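Visitor: One structure is given below, represented as C-alpha cells, and several questions about it will come after.
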Amino acid sequence: MLAESREEGTQLRELLVDPGQLERCAVAGAKIRPSRADDVTQPSLDAQALGVEPERVGIAGRERMLDGVTRWPARAGGQVEQRPDFGLEQGKRIGHREAPPTIIRRRERRDMGRQAHSRPRNGPLLGALPALLVLLALLFALPAQAADTTLRGRLDRALRVPHVDPARTAALAVDLRTGAVVFSRNPSLSLLPASNEKVPVAYAALALLGGGYRFQTEVVGTGSQVGAVWDGNLFLRGYGDPTLDTTDLGLLAAEVASWGIRRVTGAIVGDESWFDARRTAPGWKPRFYIHESPPLSALVVSRSWYRGRTAPKPALAAAALFRQELEAAGVEVAKPSRARTLRQEGVPLARDVSKPLAEIVRFMGRESDNYTAEILVKQLGALDAGKGTTAAGLRVVRRLLDEAGVPLAGVRLADGSGLSSLDRLTAGAIVALLEAGLANGEIKDAFVASLAVAGVDGTLEGRMRSLPARGRVIAKTGTTSLASSLSGFVRGRYAFAILQNGRPISSYWARQAQDRFATILAAG
C-alpha cells in the first residue's frame, strides 16, 4: 500500500504541472516529439510565428448509443437565427437549443417603419419642394457620381482603410447566380489566412467522413471476470473525440458496472495511440501550447482539464478521471492509473459515441475552435492514410481540395487551426472552396451551417449587427497579429474572400474594411 501511495503521489505531480513549466517544456520539446521532415507538407516561406486572437473555448455536447440521452449546451435566451437561402428547406425556425439549423430566408418587409405610415400633407408647392431640392442636388453631384458608381468601385473604396497595405490585401467576390466576378484584387496572392484555415478543414472532414460520422471511445478489459471482480486492467481507448467529457466517462463507468463488476485488481490505463504523440502543430509559437489549445491527443477528457488546470499528459489525466467515475459508480480500482498502448486482445466492456460530425464542424467553424480543427486533421490522417499525424491529415485535405477543383498554386497547409506561421491561402482558392462546398449536395447544409451569422452568433455575433448585413452575411473570421480574414456568403447570391496581412496588421481597420465590403454586397 505504501508503494502504491508513493506511485499515486508521483502521478499527481506529473499531472499538475505549473503552466510556466509547460511553456518551458514546449520550448525545450519535453514530452513533445521533435519535428520531422514530413511534419510540414511544403518548405517554409516565412519562419516568423504568429500572434493570435483569443479564441472561444467550449466543448460540444454528446449523443450516445448507451442511453439515448442527448446533451447539447443551450444558449441563453434561445435566440432564433436566420440564414440566407441556398436552396435548402425554408420556413423552419431553428432555436439555438435545437439540432443543427437549416438555412432560411426571411423576406424583408418594405412597409415597415415610420416612413411607411407617413403621407405628404403639404400643398402643391410645398409638396414639390423636396423633389426640386433633390433634382438640384443630383445636377451638382452628377460629375462626382459619374466617376465611380459601380459595385466594383464601391467595394474598392470599402477596402481603403488606414494601416492596411493594399499590396498585401487580396479580395475576390463572385456572383453565384451568373458566375461573374464582381470584384477582384490579388486573387492569387499567397497570404497568411489566420482562422480561415479552418474552412478547408471543415470541407475535407465533411467530404471524406460525411456529416453523420461519429467519434468513439471504448473501454476494453484485459484479463477476465470472476464473479464481481475484474482480474486485470481496464483500458480507456481514445479515437480522437474532441468533445469527450466527464459526463461521458460517468456513463461509460455505469456500463462497466452493469456487468456486475465491483472491483478491478489492476489499473485504469489510458491509450492514446490512435494519434502520434506530438502535442502541437508545426509553426506554432511556444505559448500556443496549452494557452491556445490543449495538448493534441487521441484521448482527451474535458480538454485535459484536471484539478483546476490543463494537464500536459492528457491520456494519464483521462485515466485518472475515469477511475474517479468508476469509484463513484461503485467499482473499486486497486492500482494507480497509467498511460500505455493496448497490445493484446481484450474484452469490450463499454463504448461511447459523439455527436454527429456536422455538429462538431459547426461548433469548430462558428466559434473558431483551434483544438477541434487540429483533431479533425489528425483524424483524417488516421482514417484515410493510417497515420494519425498532422502532416498525414493535411495531405488528405490537399488531395480533397484538388479533387474539388480548388486552385492550389500558392496554397500551403501546415496546421488545421491557422495558428501556424507556415500556412498560406489565396482568395481565389477560398472562393473556389466555398463554391465547391455549396455544390456538394451531401455536405452543403453542414458546410454552410459551420459559418457564423453576422450580428447573430459565433465570432460574428458582435459585428455587422444592423441591416442590411445582419443575418444576411455568413462567414468565417480570422485574426492574428499578422493576418485578418473574412470569407463566406452574402444573401445566397455572392461568395467572397478577403485576406489582409501586415507586420503587424491593424485588426480594427481590417475588420472595418471587411464589414464594409460585406455590407455593400448585402445591400446590392
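Visitor: I need the shape label for the range 412-496. Rule: rounded when a/c is under 1.5, else prolate if a/b > b/c, else oblate, with a, b, c from the alpha carbon gyration tensor.
Guide: oblate
Visitor: Using a 7 Å offset from the Cα along the Cα-to-Cβ direction at both GLU327 and ASP165, what is the distance between the two label points in nm, to one decimal?
Guide: 5.8 nm
Visitor: So if we plug the beta-carbon distance of ALA228 and THR178 into 1/(1 + (r/R0)^6) with R0 = 60 Å, what FRET efficiency do we get, rounded to 0.05?
Guide: That pair, ALA228 with THR178, gives E of 0.25.
Visitor: Turning to a different aspect of this structure: Once the Cβ-Cβ distance between ALA334 and ASP402 is put in as r, and R0 is 41 Å, what FRET efficiency do you end up with, to the nearest 0.05?
Guide: So, using R0 = 41 Å, E works out to roughly 0.15.
Visitor: Right, next: So what's the Cα pair-distance distribution over the range 334-411, bin width 10 Å, in %?
Guide: For the range 334-411, the binned pair fractions read 15, 30, 35, 15, 5, 1 percent.
Visitor: Starting from 0.36 nm per residue, how many nanometres of slack lie between ALA385 and THR265 once their C-alpha separation is accounted for?
Guide: Full-extension gain reported as 39.4 nm.
Visitor: Report the net charge of residues surrounding SER466, where surrounding means a beta-carbon distance below 12 angstrom and charges are Lys +1, Arg +1, Asp -1, Glu -1.
Guide: Surrounding charge for SER466 is +3.
Visitor: Which value, in debye to the nearest 20, describes the size of the charge dipole of the range 229-310 about its Cα centre when Lys and Arg Cβ atoms bear +1, Asp and Glu Cβ atoms bear -1, and nothing else is charged?
Guide: Approximately 420 debye in magnitude.
Visitor: Please go through the residue pairs LYS198/LYS285; LYS285/LYS355; LYS335/LYS355; LYS378/LYS444 and name each one whose alpha carbons sit more than 26 Å apart in this structure.
Guide: Violating the 26 Å limit, Cα to Cα: LYS285/LYS355; LYS335/LYS355.
Visitor: Just the Kirkwood number for the range 236-347, please: inverse of mean 1/r across all distinct Cα pairs, in Å, one decimal.
Guide: That comes to 14.6 Å for the range 236-347.
Every number here is computed from the coordinates shown, using simple stated rules; none is lab data. Every value quoted in this text rests on a predicted model; they were computed, and no experiment measured them. Methodologically, a virtual Cβ is constructed for each residue, glycine included, from the backbone with ideal geometry; neighbour enumeration extends over all protein chains shown.
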